Amino acid sequence: MSGRVLVGVKRVIDYAVKIRVKPDKTGVVTDGVKHSMNPFCEIAVEEAVRLREKKLMKEVIAVSCGPQQCQETIRTALAMGADRGIHVEVSGKDYENLGPLQVSKIMAALAKKEEASLVIVGKQAIDGDCNQTGQMTAALLDWPQGTFASEVSVDGDGLKVEREIDGGLESVRIKMPAVVTADLRLNEPRYATLPNIMKAKKKKIASVKPADLGVELTSRLEILAVEDPPQRQSGVKVESVQDLVTKLRDSGTL
Amino acid sequence: MSLNGLFRVSRAVKSGGKLLNKTCGVGSTDSQSPRFFRTHPRSLVYAKDLFLGNIAKKEVFPYPEISNEELDELNQLVAPVEKFFSEDVDSKKIDEEAKIPPETMSGLKELGLFGMQVPEEYGGLGLSNTMYARLVEIISLDAAITVTLAAHQAIGLKGILIAGNEEQKARYLPKLSSGEHVAAFCLTEPASGSDAASIQARGTPSKDGKHFLLNGSKIWISNGGIADVFTVFARTEVVDKDGNTKDNISAFIVERAFGGITSGKPEDKMGIRGSNTCEVHFENTPVPIENVIGEVGGGFKVAMNILNSGRFSMGSVSAGMIKKLIELTAEYAGTRKQFNKSLAEFGMIQEKFALMAQKAYVMESMAYLTAGMMDRPGVPDCSVEAAMVKIFSSEGAWVCVSEALQVLGGLGYIKDYPYERYLRDCRILPIFEGTNEILRVYVALTGMQYAGKILTGKIMDMKKGNLGVVLEMLGKRLRDTVNKKVDFGLMGKDGVVHPSLMENSKKLEENVYSFGTTVESLLYRFGKTIVDEQLVLKRVADIVINLYTMTAVLSRASRSISIGLRNHDHEVLIANTFCAEAYFQNNYLMAQLEKNSPENNDDSIKKIAMQVLEKRAYVCSHPLDRTF
């Protein structure tokens, strides 16, 4: 086992920002809007760093795919304790069409190139909400996967993963190399302290292009339109159950 | 730079070098090299020329910038601090319990906020003045924490940083920057506040000559109850080179562990209640002679340098607070309706927001202009500019918080809302770090002293019969009476101000020129006795502050337009509005300063005051009293 952990981090619009749809309906306004690391990615980085601190893993590599600004996100991961970063340069039209399929191809290629023992990503990104990248990456690599992880521990040459599923908690044991996706209760991410941010300046971020990894980025999806959800209509007060039944019948619901 | 200035700089650099070995110099814009500290004065930067009726264009135009790299780094540093303050700091609880919880303190220490300006080699972040100002903008969200951190690093350990030797730095700075040890600054005594030079605490040499025994009492010491390392100022007997014994002040690094140190109980304050303020008593505390900062007897200068170096940050602290308040208050004004209109539609409410926006803009502009000047290589002494930032920001903050509270009406008065806490916290700003009264005197006198020296020089030259100087002065007078136009080159060819600010740039030039003549006539009229004419000095200071604020605002707005910053039109609007107002204020003040000015009520004011103070009470008879 190489003891290398590959962590994917995504730069998304900050969770506290009020989203506005672009007038041409092709997407949301990102210009001048505050961006930060996807919260689930933070949890993933934290878990990876903890594994290294417990000496169960040797090196944590933070990866991000996107334009120049992604380097900020990688730097945050470095400030949280990652050892080095890889920036996969994707910009312009390619970036607009970048989805889970493309990212998972890149992650798979990098995992093979870096000989990673473990790939940890957030369960989903708060902009796309796709919840697909981790699963697709595992499938492309033909590796076992422990998704929606709320607890991860090393068990011999494998991992014991506690998963949060609809019915409750499920424990699975998977062999390594494996892919894990982080859920909310996996851990509480640390603050990147200012001294660590200063130290992170000295850590390396390598730049690669998707072509160097043999990945082609064409998308099978085309975004037709992005719209606001319909405005919530105000409700109507009724006086009696009879009125309620009448109204429901009239609207065709009953 | 004038020849005088050049000589002074080179002398200061040489002597500064002696004081500080290799760490003399000032912050550089290269983020790879460490940032240093400026030490010895005295090459005054911009304000001094105003007193001569000149605008030192090069010092303030263009508006200082930091490199892209530094800006990136800064934004990285800002993010976790903002997150910490919005999620993990409960300002209401800190205010109610008059205590900063230990978890919050550890959080601050872990974040690295205890050694922001300490060089990296001693475990700090090595931030420049500009970056420091940016971070305290966020920290200002909680005033008690701001004061605790400032007392620790802006004054508490600053002495070691700017005047300490290598050995002292290596011994104390690492633990201070990690926050393992907390620092405090002990100057003020019950009988010596503004009159700092009159302190009575004493350091007497021990019999073996290896220690000083410290005796005395200090009051109003921030962090006094929690500090482990104190920078203490006390009198020591010094024999100077002529063999005379003098009683000069020395600066000491005192560890609580030395013994003999007791702290009183924490003061119950109006605001910044989370910050620990108490009395500190020293009883025969043995202080090793290696712990003297700088030279024995050179403590007063150290104290002044420490205080001067931190003042500018009050600008960004106040600006940060007001920007936050604008957000909160505007939210309310936009939703609250009365008379079927939202509050935001009423003129008097709108006026308050315009005021807050202007003040915040000015404070930011002044603070970062001053910080930028201080970060330049060389040994620029921006103490006058920093004092002006402090005066304007402390008074501006008080007014803005009060107006914001007023917008909320009754709700603003309720403790459930933060406004009353902000108001209580702000009230200390005009008082500590040098009262605004003292700082006004400092600004006015320093400038007038400088102007006086130059002018005396010229007058001496004239008396000696130096024809050139005589002709120059006559020519100047003639030009004034014949040609009313003044031009310092802010506009036009080689202009540094953007055309959309042309009107106000001309007004600034006019003001500066008139100010120069006003200063001349004041010096002529009062001579040395001007030291006692406080009401005159107050006006002089107010005018200079206005001139500096106008300069800062014009410089910043010009840059914003030139590089096309977002919302630069709004900036131009604010800049123009502010300058127009300041221009009129200045004209009125200068009119009051003219000889036998009818707008000047100073004599009457003095009379009223004397009569009241004599009786130590209100003197008038009651309106209902009768005599028959």
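List of remarks:
- Counting residues in region A:32-48 that are among the hydrophobic types (A, V, I, L, M, F, W, C), surrounded by fewer than 17 Cβ atoms within 10 Å (Cβ to Cβ) and either touching a residue at least 12 places away in the same chain (Cβ under 8 Å) or not in a helix (DSSP H, G or I) (or both) gives one or more.
- Tallying residues that are over 30 Å from residue A:23 (Cβ atoms) and under 45 Å from the mean Cα position of the chain (by Cα) within region A:227-243 yields 3.
- Residue within region A:87-106 that is buried (at least 24 other Cβ atoms within 10 Å of the Cβ) and within 25 Å of residue A:155 (Cβ to Cβ) present: no
- Considering residues of region B:219-255 that are among the hydroxyl-bearing types (Ser, Thr, Tyr) and in contact (Cβ under 8 Å) with a residue 12 or more places away in the chain only, the residue farthest from residue B:209 (Cα to Cα): B:222
- Qualifying position, being part of a strand (DSSP E or B), touching a His at 6+ places or on another chain (Cβ under 8 Å), surrounded by fewer than 18 Cβ atoms within 10 Å (Cβ to Cβ) and not aliphatic (A, V, I, L, M), among A:153, A:207: A:207
- Among the conditions (1) of a type in the set (Gly, Ala, Ser); (2) within 14 Å of another protein chain (Cβ to nearest Cβ); (3) surrounded by fewer than 18 Cβ atoms within 10 Å (Cβ to Cβ), residue A:167 misses just one, which is (2).
- Tally, over region A:156-200, of residues that are assigned to a loop (DSSP other than H, G, I, E, B) and of a type in the set (Ser, Thr, Tyr): 2
- Given (1) modelled with pLDDT of 90 or more; (2) surrounded by fewer than 17 Cβ atoms within 10 Å (Cβ to Cβ); (3) within 14 Å of another protein chain (Cβ to nearest Cβ), index of the condition residue B:96 fails: (3)
- Condition met for residue A:7 (of a type in the set (Val, Ile, Thr), away from chain B (no Cβ under 14 Å), touching a residue at least 40 places away in the same chain (Cβ under 8 Å) and in contact with a helix residue (DSSP H, G or I) (Cβ under 6 Å, 6 or more places away or on another chain)): yes
- Just one of the listed residues (B:628, B:578) is more than 29 Å from the chain's Cα centre (by Cα) and not acidic (Asp, Glu), and it is B:628.
- Residue list for region B:499-541, restricted to those being surrounded by 20 or more Cβ atoms within 10 Å (Cβ to Cβ) and farther than 26 Å from residue B:457 by Cα: B:501, B:504, B:505, B:507, B:508
- Within region B:251-296, the set of residues being in contact with a Leu (Cβ under 9 Å, 6 or more places away or on another chain) and among the polar types (S, T, N, Q) comprises B:284, B:285.
- Residue in region A:68-82 that is away from chain B (no Cβ under 14 Å), of a type outside the set (A, V, I, L, M, F, W, C), surrounded by fewer than 18 Cβ atoms within 10 Å (Cβ to Cβ) and over 15 Å from the mean Cα position of the chain (by Cα) present: no
- Number of positions in region B:365-404 that are more than 13 Å from the chain's Cα centre (by Cα) and free of Cβ contacts under 8 Å to residues at least 60 places away in the same chain: 4
- Residue within region B:76-91 that is more than 27 Å from the chain's Cα centre (by Cα), among the basic types (Lys, Arg) and at the interface with chain A (Cβ under 10 Å from one of its Cβ atoms) present: yes
- Residues (within 14 Å of another protein chain (Cβ to nearest Cβ) and either within 22 Å of the chain's Cα centre (by Cα) or in contact (Cβ under 8 Å) with a residue 24 or more places away in the chain (or both)) located in region A:202-226: A:203, A:205
- Residues considered: B:614, B:581. Of these, the only one that is surrounded by fewer than 11 Cβ atoms within 10 Å (Cβ to Cβ), of a type outside the set (Gly, Ala, Ser) and modelled with pLDDT of 95 or more is B:614.
- Cβ-Cβ under 9 Å pairs, at least 6 apart or on other chains, region B:284-299 side within 14 Å of residue B:202 (Cβ to Cβ), far side outside any strand (DSSP E or B) and among the hydrophobic types (A, V, I, L, M, F, W, C): B:285/B:258; B:286/B:258; B:287/B:258; B:296/B:289
- Any hit, region A:100-113, residues being in a strand (DSSP E or B) and either over 18 Å from residue A:42 (Cα atoms) or at pLDDT 95 or above (or both): no
- A single member of B:141, B:176, B:187 is among the aliphatic types (A, V, I, L, M) and surrounded by fewer than 24 Cβ atoms within 10 Å (Cβ to Cβ), and it is B:141.
- Residue in region B:99-136 that is farthest from the other protein chains (Cβ to nearest Cβ), counting only those that are in contact with an Asp or Glu (Cβ under 9 Å, 6 or more places away or on another chain) and farther than 23 Å from residue B:314 by Cβ: B:101
- Taking first residues from region A:182-199 that are facing chain B (nearest Cβ under 9 Å) and partners that are buried (at least 19 other Cβ atoms within 10 Å of the Cβ) and of a type in the set (Phe, Trp, Tyr), the Cβ contacts under 7 Å between residues at least 6 apart in sequence or on separate chains come to A:191/B:84.
- Residues that are of a type outside the set (Val, Ile, Thr) and within 15 Å of residue B:231 (Cα to Cα), drawn from region B:178-212: B:181, B:183, B:184, B:185, B:186, B:187, B:189, B:196, B:201, B:202, B:203, B:212
Residues are listed down the side, and each one gets a yes or a no for (1) free of Cβ contacts under 8 Å to residues at least 60 places away in the same chain; (2) in contact with a Lys or Arg (Cβ under 9 Å, 6 or more places away or on another chain); (3) among the charged types (D, E, K, R):
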| residue | (1), (2), (3) |
| --- | --- |
| A:69 | yes, yes, no |
| A:72 | no, yes, yes |
| A:76 | no, no, no |
| A:88 | no, yes, no |
| A:92 | yes, no, no |
| A:96 | no, no, yes |
| A:102 | no, no, no |
| A:106 | no, no, no |
| A:112 | yes, no, yes |
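- Enumeration of residues in region A:58-88 that are within 21 Å of residue B:75 (Cβ to Cβ) and part of a strand (DSSP E or B): A:62, A:64, A:66, A:85, A:87
- Test result for residue A:115, over 13 Å from the mean Cα position of the chain (by Cα), under 24 Å from residue B:77 (Cα atoms) and surrounded by fewer than 17 Cβ atoms within 10 Å (Cβ to Cβ): no
- Note on region B:402-425: residues that are of a type in the set (Phe, Trp, Tyr) and outside any helix (DSSP H, G or I) total 1.
- The residues of region B:137-160 that are β-branched (Val, Ile, Thr) and within 14 Å of chain A (Cβ to nearest Cβ), listed by number, are B:138, B:139.
The values are calculated or read from the model by the stated rules, or taken from the named source; none is laboratory data. This one's a predicted model, so the numbers in the text were calculated from it and none came from an experiment. Here the Cβ is made from the backbone with ideal geometry for all residues, glycine too, and neighbour counts use every protein chain on show.
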